[in-house]
Amino acid sequence: MLDGKKILFSGMQATGSLHIGNYLGALKNWVSLSNDYECFYSVVDMHSITIRQDPQELRNNARNILMIYIAAGLDPIKNCIYYQSHVPAHAELSWILNCFTYMGELNRMTQFKDKSSKHDTNINVGLYTYPVLQAADILLYQADAVPVGKDQLQHLELCRDVAHRFNAIYGDVFTIPEPSLGKAGAKIRSLQEPTKKMSKSDENLNAAIFLLDDRDTIIRKFKKAVTDNFANIKYDAENQPGIANLMDIYAVLGEKTIAQVESEFAGKGYGDFKLAVGETVADALKPFRERFYELKEDKAYIDTIIKNNAEKAAYTANKTLRKVQKKIGFPISN
Ligand code: TYM
């Protein structure tokens, strides 16, 4: 608890541009939960360097993502929006938690397996211990809730296991966090290969709708979305994953139920449906895109947010870190 409110933590990597999977799986829920919790939203730039990054690009992406959080509706005064690398306690707790995490646990992580097969010339130790840094992120803030998409559930489970292990030895040091999944957007799929999740790193640019794509690009990408030959707008994720994905996107952004979407498009063709999805997404992202470009102009405002929030995050994080250091027996400095 902080100021009488439960605590929420979440983060996104500073790689590439955010897409509607990130938005519907995470960011949209962050905004709706932000009144009920004391929230920490990090741009996790330290996680990003587990894959080789161009320095200038990393810096630009990190700043864009921070502005995207704000443009999506998170008030940066009420919510602590900050860069992970500005709070050294993340790295310090991560080291300590490394000593409470088993290699067998990390060997099972599917994200590590995926990423190491994609980047087989750079299977670095950071990629391997990535989930430990993620656990440190969450546990430093004593988070009760962590809103994420489905692909992060395994990391969250590991975080809970490590926290339980530490607490069993040293007493109740860490709050055990609960994952919080959005209803329909927890797994948005690629528009080109709908059996796979939508991903920032997909080489096919038509596979993802990026939050900063313009209206024509959005509509064009939906027109090209891969569907099937059933000519039937019914929700069947097993046999019609492409159509089910478009229905999920349309239902969440249009605030409709899947049943309403089915009846709205009963007897209509895929062409009409894809156009309606494209227009709905373009309309939903328009105000957001406009706000983003306004924020981009206001350098001084963003710089102040970055500085103030780093201090606020460090204050809370250091409280937990000091407690942990004391518990494990590090000498106390006077
Ligand atoms: P990242 O940067 O890959 O993704 C950010 C958030 O977006 C969600 N997401 C999706 N949701 C639905 N459909 C998709 N296709 C899709 N793709 C991504 C992710 O589940 C995530 O919630 N390891 C994390 C970042 C992280 C973190 C943390 C998250 C670091 N520390 C602490 C929570 C708490 C990651 O790589 O997310």
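The values are calculated or read from the model by the stated rules, or taken from the named source; none is laboratory data. Being a predicted model, the structure only gives us computed values, none of them experimental. As a convention, Cβ positions derive from the backbone with ideal geometry for all residues, glycine included, and neighbour counts pool all protein chains shown. Side chains included, ligands, DNA and RNA excluded: accessible areas come from the protein's heavy atoms. Shrake-Rupley method; radii C 1.70, N 1.55, O 1.52, S 1.80 Å.
The table below lists the values:
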| read-out | value |
| --- | --- |
| Output for segment 161-181, where each listed residue is open to solvent by 10 Å² or more (accessible area, probe 1.4 Å) and either in a strand (DSSP E or B) or under 21 Å from L33 (Cα atoms) (or both) | T175, I176, E178, P179, S180, L181 |
| Among (1) open to solvent by less than 20 Å² (accessible area, probe 1.4 Å); (2) more than 13 Å from the ligand (Cβ to nearest atom); (3) β-branched (V, I, T) - the single one I7 does not satisfy | (2) |
| Some residue of segment 13-33 being more than 14 Å from the ligand (Cβ to nearest atom) and open to solvent by 20 Å² or more (accessible area, probe 1.4 Å) | yes |
| Within segment 182-213, tally of residues that are open to solvent by less than 20 Å² (accessible area, probe 1.4 Å) and more than 15 Å from A145 (Cα to Cα) | 11 |
| Count of residues meeting criterion [part of a helix (DSSP H, G or I) and either more than 16 Å from the ligand (Cβ to nearest atom) or in contact with a Ser or Thr (Cβ under 7 Å, 6 or more places away or on another chain) (or both)] in segment 72-92 | 1 |
| Qualifying residues in segment 117-132 (those that are in contact (Cβ under 8 Å) with a residue 12 or more places away in the chain and more than 21 Å from R165 (Cβ to Cβ)) - the one surrounded by the fewest Cβ atoms within 10 Å (Cβ to Cβ) | K118 |
| Some residue of segment 54-61 being crowded, with 19+ Cβ neighbours inside 10 Å and out of contact with any Gly (no Cβ under 6 Å at 6 or more places or on another chain) | yes |
| Residue in segment 143-160 that is farthest from the chain's Cα centre (by Cα), counting only those that are near the ligand (Cβ under 10 Å from one of its atoms) and outside any helix (DSSP H, G or I) | A143 |
| Whichever residue in segment 133-142 is open to solvent by 10 Å² or more (accessible area, probe 1.4 Å) and not aliphatic (A, V, I, L, M) and, among such residues, is nearest to the ligand (Cβ to nearest atom) | Q134 |
| Residue within segment 36-43 that is in a helix (DSSP H, G or I) and open to solvent by 10 Å² or more (accessible area, probe 1.4 Å) present | no |
| Residue count, segment 192-213 (criterion: within 14 Å of the ligand (Cβ to nearest atom), in a loop (DSSP other than H, G, I, E, B) and touching a residue at least 40 places away in the same chain (Cβ under 8 Å)) | 9 |
| Selection within segment 220-270 - among the aliphatic types (A, V, I, L, M) and open to solvent by 40 Å² or more (accessible area, probe 1.4 Å) | V226, A231, A237, I258, A259, A266 |
